[in-house]
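Encoded as structure tokens, the structure appears first; notes follow it.
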């Protein structure tokens, strides 16, 4: 194991323990009602829902590989999703690391899957932007939100909706656009960009996956008795995911939490409830899948040159 790999794993372990300690302190020292049997049951239910979401992300990847005329089995696709969306993001490169890690993780079974990995990741961000933007606009004018947050919610929602729409439907021609570039640049970029139609199957897989991810946050909120609507749940989930996808810290540490806590506060949730729900949600939605991903092969990725290349910037084709 290289020094960089050891450092990344040490940071991941330290953050996990810090999460557990901070969560224990908040639940013990703040004026929060005990979770009780029902609350713990809801949190326990959230974990398999999260893994269902990761499985669907793997199916999205598998579908992209199939559209390229290649075959990828479901088990390998699921492992790729766990590594790409979890373990590899211990590298502080934000969401850019995901497609490179997914493609790397299946290289022994099928090569040349960078385009399918980029496709799955692009559709995911497009869906997050569209869903978050649409729900923020709805909430700004139709649901409960702090008066001073109405303008920001409407503005962010409108921009996210437009950018998401462009990404969703404009990216279907990325492969064609890349083929119009000069030969040298085209050779570097072409393996990672394919034309892909955002057709019915792609939409079904995408929105099923995002619905499961948002449902995890909904179950955690319900466990703490936080009164949020389905629209507020998705908007808060989306803001957390988009913020956590920014480069800078392992696993989006700090960015994802700030996005979720800030959004819940804007919806009138108390600070203590927001912090407790955020920490539990992140444990279930990120750190637990990371632990499983490490067991299924993530440690091997962190020790490769591929990982070093992603850490310094995503390589061509990934």
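Some values worked out for this structure:
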quantity	calculated
For region 220-306, the fraction of alpha-carbon pairs in successive 10 Å shells from zero, as %	17, 44, 25, 11, 2
Region 59-96 and region 142-173: distance between their alpha carbon centers, rounded to Å	27
Gain on full stretching of the segment that runs from residue 73 to residue 29 - 0.36 nm per residue minus C-alpha separation	11.1 nm
Shape category assigned to region 1-154 from the gyration tensor of Cα positions, a/c cut at 1.5	oblate
Largest to smallest principal axis extent of the C-alpha atoms in region 32-101, angstrom	53, 27, 14
Contour excess over end-to-end distance, with Cα ends at residue 299 and residue 148 and 0.36 nm allotted per residue	49.8 nm
Amide N of region 112-128 lying under 19 Å from the label point, which is placed 7 angstrom from the Cα of residue 207 along Cα→Cβ	120-128
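Rule-based calculations on the coordinates, nothing more; no lab input. Just so it is clear, the model here is predicted, and its values are computed rather than measured. Glycine gets a Cβ as well: all are built from the backbone with ideal geometry, and neighbour counts include every protein chain shown.
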